[in-house]
């Protein structure tokens with residue numbers, strides 16, 4: 001009977017988590033062993049060349065975000081956000097909707113609450129127009145809670161986020177978009 005109860009709890013957990021699972025990967029040496037992971041492959045919007053990958057890895061109450069992008073203007077700065085819908089089908093990525101904001105608060109600096117859960121730090125391209133960076137954020141989660149990124153999208157904008165203009169930081173058109181999916 002106990003075995004049946006454990007199996008039922010396992011099955012319910014799997015159903016609730018969908019594609020979420022704990023994995024080990026090459027990132028383990030950087031982030032520690034295992035963790036719940038979600039990825040997004042960013043593709044350029046119409047007329048742009050920005051592409052890359054973003055990984056979200058849950059570790060306790062923090063999400064480690066690793067970003068690798070190419071195709072940006074050299075030495076440029078760009079707004080970077082999780083958006084409410086996992087839909088990058090529109091040529092300008094407007095199908096992704098606004099910033100992910102389950103708490104219904106104003107836009108702001110990701111390091112100083114209150115702010116949208118989807119407010120992330122600006123990305124700074126190097127002299128080759130590439131971004132290879134990582135940071136930690138507590139407002140998001142992978143496969144749990146109201147801040148769950150699974151099924152949403154991540155967007156790179158043309159301009160830097162000013163962290164104060166409402167509703168989205170005046171960061172301009174969308175250069176690249178990727179749907180976030182848990183592994």
Output the number of residues of the range 67-98 satisfying the condition of being surrounded by fewer than 18 Cβ atoms within 10 Å (Cβ to Cβ) and more than 16 Å from residue 48 (Cα to Cα). 7
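In this structure, does residue 89 turn out to be without any contact (Cβ under 8 Å) to a residue 40 or more places away in the chain and either closer than 22 Å to residue 43 by Cβ or in contact with a helix residue (DSSP H, G or I) (Cβ under 8 Å, 6 or more places away or on another chain) (or both)?
yes
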Those residues of the range 48-102 that are out of contact with any strand residue (DSSP E or B) (no Cβ under 7 Å at 6 or more places or on another chain) and assigned to a strand (DSSP E or B) come to a total of 1
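Only one of 140, 120 is modelled with pLDDT under 95, closer than 16 Å to residue 159 by Cβ and buried (at least 16 other Cβ atoms within 10 Å of the Cβ). Can you tell me which? Let's see the steps before the verdict.
Details: 140 fails: closer than 16 Å to residue 159 by Cβ.
On inspection, the qualifying residue turns out to be 120.
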Residues of the range 22-37 satisfying the condition of being buried (at least 17 other Cβ atoms within 10 Å of the Cβ), modelled with pLDDT under 95 and in a strand (DSSP E or B): 36
Quick check on my filter: what residues within the range 150-165 are buried (at least 18 other Cβ atoms within 10 Å of the Cβ) and modelled with pLDDT of 90 or more? 150, 152, 153, 154, 155, 156, 157, 160
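Residues checked against (1) assigned to a loop (DSSP other than H, G, I, E, B); (2) more than 16 Å from residue 99 (Cα to Cα):
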| residue | (1), (2) |
| --- | --- |
| 136 | no, yes |
| 139 | yes, no |
| 145 | yes, yes |
| 151 | yes, no |
| 154 | no, no |
| 167 | yes, no |
| 170 | yes, no |
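The values are calculated or read from the model by the stated rules, or taken from the named source; none is laboratory data. Quick caveat, the model's predicted, so the values are computed rather than measured. Cβ sites come from the backbone with ideal geometry, for glycine too, and all protein chains shown count toward neighbours.
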